[in-house]
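Undergrad: Pasting in a structure now, in structure tokens, and then I'll have a few things to ask.
The values are calculated or read from the model by the stated rules, or taken from the named source; none is laboratory data. None of the values given here were measured: they were computed from a predicted structure. For neighbour counting, all protein chains shown are included, and Cβ atoms are generated from backbone atoms with ideal geometry for every residue, glycine included.
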Amino acid sequence: KHIDIKEVLQNKELIGQTVTVCGWVRTSRNSKNVAFVELNDGTSLKNVQVVIDKADDPDYKDIPRVGTSLKVEGKLVEGRNAAEINVTPADITVLGDCPQDYPLQKKGHTLEFLRTMPHLRGRTNTFNAVMRVRSVLAQAIHSYYQDRNFIYVNTPLITGSDCEGAGEMFRVTTIGFSQDYKTEDDYDAADFFGRRAGLSVSGQLEGEMAATAMGKIYTFGPSFRAENSNTPKHLAEFWHVEPEIAFAELDDVIEVAEDMVKHVIGTVLEKCPDEIAFFDAHFEKGLKARLEELISHEFGRVTYTEAIELLKKSGENFVYPVEWGCDLQTEHERYLSEKVFGKAVFVTDYPKEIKSFYMKQNPDGKTVAAVDLLVPGVGEIIGGSEREADYDKLIAAMKERNMNLDLYSDYLDLRKYGTVPHGGFGLGFERLIMYTTGVQNIRDVIMFPRTVGSIR
Ligand code: 4AD
Ligand code: MG
């Protein structure tokens, strides 16, 4: 039985013992009498070094090439410095040979190059670190909500109603790869068993149904957006965390958002010191200090109307000019969080025309109780609101948008049968990972990104 390289590097008591380790060769180097092989099994960003005394080893033929998988039995010895652990092998088994065309040779690779090989890039330290942080963040999100009495619910991915109403839904059809659809009509006839259906852009509507039954819930699953755009922060398939809280107003929603983001980033600081040090060194100088600052200071807060004033006063030459009523673009979001506040900032009370039908209408008649969380380097990572709890006002907002009320009769029932103030938000999980690691392209924080042109 083999042990993890992480264990080997951490447990100094193992020194002197004979163990079995497995891994892939990261680098290998020959000298006259000795061969050095750096072995990594993915459990650690660091390697163990296998030191082969050629004279000592009658079976020694050739140094294993980069990418070769090995099983090594040998004695652990301390290397030149305390951080380095060597294995003096008694027995080396080649599990799988690796030819010289292996693309992940020793030199550093650009993220763009690695994107061309999603099946292999997981073997680099960069992806290892991203995936470990991703995994720790996911667990921290679950424990944050579980520890506070939220029920984890799973909302459907195939759905008949468009939550955001932005026309970004993928359609679900019975079209199969094996079937031959010859005409457009054949294609149009294909649907979800006689109904129109699409892939969910958000679990919020079902989340509201759950929250107005169970009080506090959260979802954590994929959402889909048919966004035919090529940006560093949009995926067609992303992971979405959506808490929904009954008996809550906008301020309660904001409090949970801030507390949760601080909690999960705090957990990463605690559990992933090696990974954060790695990103600090290779992606964003000062990352650790930024994250420490973030979890110990209050986030900024500004209304949309104030934000527009700040942007107008800035004298910046934005690509999209700023006027009250315009949607905030990434350039505006980043200017506010990076230049004006220098930290994460909540923007509240957006014009109702640029937000969704379900948001609570403010007394001014012009704005809704919406909130976005904007962060440096990324822009929006959270979008949420207090929900319109009044039946008549909700119907009016839907009619203004020419929505088909029949499709939403279940949702409207929530306002008919014991309506309560409630609200929630959606956190883009990949955007949170970008913010936590300093990695700047969303394609590099998910193993198999789905964007325009990503299906191989
Ligand atoms: O702002 P959005 O569209 O809000 C909603 O979907 C609400 N129904 C959420 C709610 O209140 N329960 O999306 C929420 C978040 C965004 O802030 C962003 O972080 C992320 O989801 N997001 C995306 N992430 C990656 N790729 C995309 N195409 C995304 N679209 C939204
Ligand atoms: Mg949004």
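Undergrad: Determine whether the range 405-419 contains at least one residue that is β-branched (Val, Ile, Thr), away from ligand 2 (no atom under 16 Å from the Cβ) and within 22 Å of Lys366 (Cα to Cα).
TA: Checked the range 405-419: no residue is β-branched (Val, Ile, Thr), away from ligand 2 (no atom under 16 Å from the Cβ) and within 22 Å of Lys366 (Cα to Cα).
Undergrad: Of everything in the range 317-343, what is among the hydroxyl-bearing types (Ser, Thr, Tyr) and surrounded by 13 or more Cβ atoms within 10 Å (Cβ to Cβ)? Give them in sequence order.
TA: Residues satisfying the conditions are Thr330, Tyr335, Ser337.
Undergrad: Hey, another quick one. (1) modelled with pLDDT under 95; (2) surrounded by 12 or more Cβ atoms within 10 Å (Cβ to Cβ); (3) closer than 18 Å to Leu45 by Cα: which one isn't true of Asn81, the others all being true?
TA: (2)
Undergrad: Go through Ser69, Ser44 for me and flag whichever is among the polar types (S, T, N, Q) and farther than 17 Å from Gln10 by Cα.
TA: Every option except Ser69 fails the conditions.
Undergrad: Looking at Phe341, Phe357, Phe299, Phe318, which one is in contact with a Gly (Cβ under 7 Å, 6 or more places away or on another chain) and more than 16 Å from ligand 2 (Cβ to nearest atom)?
TA: None of the other options fit; the residue is Phe341.
Undergrad: Could you list all residues from the range 376-393 that are touching a Lys or Arg at 6+ places or on another chain (Cβ under 8 Å) and within 16 Å of ligand 2 (Cβ to nearest atom)?
TA: Val378, Gly379, Glu380, Ile381, Ser385, Glu386, Arg387
Undergrad: Can you work out which of the residues in the range 409-440 that are aromatic (Phe, Trp, Tyr) and more than 17 Å from Ser385 (Cβ to Cβ) is surrounded by the most Cβ atoms within 10 Å (Cβ to Cβ)?
TA: Selected residue: Tyr435.
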